[in-house]
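In what follows, a structure is listed as structure tokens, so that the remarks can point back to it.
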Protein chains: 4
Amino acid sequence: MSTDTAPHCHVEGKLCMPEDARKRASRRLSIARGHLESIVRMLDDEGVYCVDVLRQIKAVQGALSGATEVVLRGHLEAHVATAGERGDTVEIVEELMAALKYA
Amino acid sequence: MSTDTAPHCHVEGKLCMPEDARKRASRRLSIARGHLESIVRMLDDEGVYCVDVLRQIKAVQGALSGATEVVLRGHLEAHVATAGERGDTVEIVEELMAALKYA
Amino acid sequence: MSTDTAPHCHVEGKLCMPEDARKRASRRLSIARGHLESIVRMLDDEGVYCVDVLRQIKAVQGALSGATEVVLRGHLEAHVATAGERGDTVEIVEELMAALKYA
Amino acid sequence: MSTDTAPHCHVEGKLCMPEDARKRASRRLSIARGHLESIVRMLDDEGVYCVDVLRQIKAVQGALSGATEVVLRGHLEAHVATAGERGDTVEIVEELMAALKYA
């Protein structure tokens, strides 16, 4: 029995992403894509300075970390926290650890 | 109902670390400490070269990532995967995200 | 006097990116942008699975690290390694450390 | 000719670490070692909580990044910035990129 308000998400028996996380991740990644486009344009200018490019790439990496955070939080809430009930804890944790590249 | 073989760990109503993860993390961190000691000794030698020190620090950082992996895996299996049953999913995920510094 | 074959780059007295690094970084970032676009499309599918998205974002982060490596190497060779001759070592190192976010 | 105030360091024809960086890195790593010792002791307590351990490891990783910053800055100022004068730019940059694990 759960008093939980966390999102659950299953489509036709398969785990899938909670809608809110999906929309928010999409928005963040769209912004990161636009930012990457502007860096590619910067690089058309032969006067562009290395350190300015390094800073811009760093900013995009920050945006990707933000998107990872949204997706990871949704996954932990919707799928990892319910693994005990489903009985697939070891598998789902292994899968996540591999995706995070700790394992 | 769970068919799970994942470790659970509660001491007097409080969540605590699965014993196996605790022992393995301790061993890894002890090794990292010994490695750090040897870097501190390296630095007593005025002929030590910067890049050798950078490489050694990198190796210790790898060892700490290994310890983080052990602790995180144990936490996901023992506590996050059972959050749906306990009903504290949102809190436990928030706490973990903060510790991982995504949030 | 230098026997160096490293690239140097100055346009109208300003430091700028060696052309080879600029072209290679541009290619890598263009590929990363295409990859990001495909992740944004993945996220239009409501059946998409969190861990697949995490893996894809991780791959783009790897591509951005590759681009950073290209730009950083070019900067070190063309501008940092010549700082002693120009006499702006402290400034150029400070600027780089700040961009790398160590400082 | 250089108007630079950056540290240079050679011992018997070999590059070595500027003394100030050496002392500061040593101090930081000694503190990190003490911190690691206290985490190992925490892990002797069977009631220790995973997330507390994750936070402490994160703090040590921050301290190691701080030590890396000190060593890297010293290396860039003393050795990379003078590579053009010595004529070993390509080698010294390659060595550093490998140590930073970008390459």
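Taken over region A:74-95, the criterion of being of a type in the set (A, V, I, L, M) and either open to solvent by less than 10 Å² (accessible area, probe 1.4 Å) or closer than 18 Å to residue B:96 by Cα (or both) is satisfied by A:76, A:78, A:80, A:81, A:83, A:92, A:93.
Applying the selection to region C:76-91, what residues are without any contact (Cβ under 8 Å) to a residue 40 or more places away in the chain, more than 7 Å from every other protein chain (Cβ to nearest Cβ) and in a helix (DSSP H, G or I)? Residues satisfying the conditions are C:86, C:91.
Considering only residues that are in contact (Cβ under 8 Å) with a residue 12 or more places away in the chain and surrounded by fewer than 24 Cβ atoms within 10 Å (Cβ to Cβ), which ones fall in region A:58-69? Before the answer, list the steps.
Filtering region A:58-69 down to residues in contact (Cβ under 8 Å) with a residue 12 or more places away in the chain leaves A:59-60, A:63-64, A:66-67.
The answer is A:59, A:63, A:64, A:66.
Scanning region A:52-75 for residues that are more than 9 Å from chain C (Cβ to nearest Cβ) and under 30 Å from residue A:92 (Cβ atoms) yields a total of 6.
Can you name the residue in region B:20-39 that is within 7 Å of chain D (Cβ to nearest Cβ) and either within 30 Å of residue D:23 (Cβ to Cβ) or modelled with pLDDT under 95 (or both) and, of all such residues, is nearest to the chain's Cα centre (by Cα)? Walk me through how you get there before you give the answer.
The first filter runs over region B:20-39 and keeps only residues within 7 Å of chain D (Cβ to nearest Cβ), leaving B:22, B:25-26, B:29-30, B:32-33, B:36-37, B:39.
Then keep just the ones that are either within 30 Å of residue D:23 (Cβ to Cβ) or modelled with pLDDT under 95 (or both); that gives B:29-30, B:32-33, B:36-37, B:39.
On the way: B:29: 9, B:30: 12, B:32: 12, B:33: 14, B:36: 17, B:37: 20, B:39: 22 Å.
My answer is B:29.
Condition first: open to solvent by 10 Å² or more (accessible area, probe 1.4 Å), within 7 Å of chain A (Cβ to nearest Cβ) and in contact with a Ser or Thr (Cβ under 9 Å, 6 or more places away or on another chain). Can you find one or more residues in region C:40-51 that meet it? Yes - at least one qualifying residue is present in region C:40-51.
Taking the criterion of being closer than 9 Å to residue C:40 by Cα and either surrounded by 23 or more Cβ atoms within 10 Å (Cβ to Cβ) or touching a residue at least 60 places away in the same chain (Cβ under 8 Å) (or both), the residues of region A:17-32 that qualify are A:25, A:29.
The values are calculated or read from the model by the stated rules, or taken from the named source; none is laboratory data. Quick caveat: nothing in here was measured; it's all calculated off a predicted structure. Every residue, glycine as well, gets a Cβ built from its backbone with ideal geometry; the counts of neighbours run over all protein chains shown. Surface areas here come from the heavy atoms of the whole protein model, side chains and all, with no ligands, DNA or RNA. Shrake-Rupley method; radii C 1.70, N 1.55, O 1.52, S 1.80 Å.
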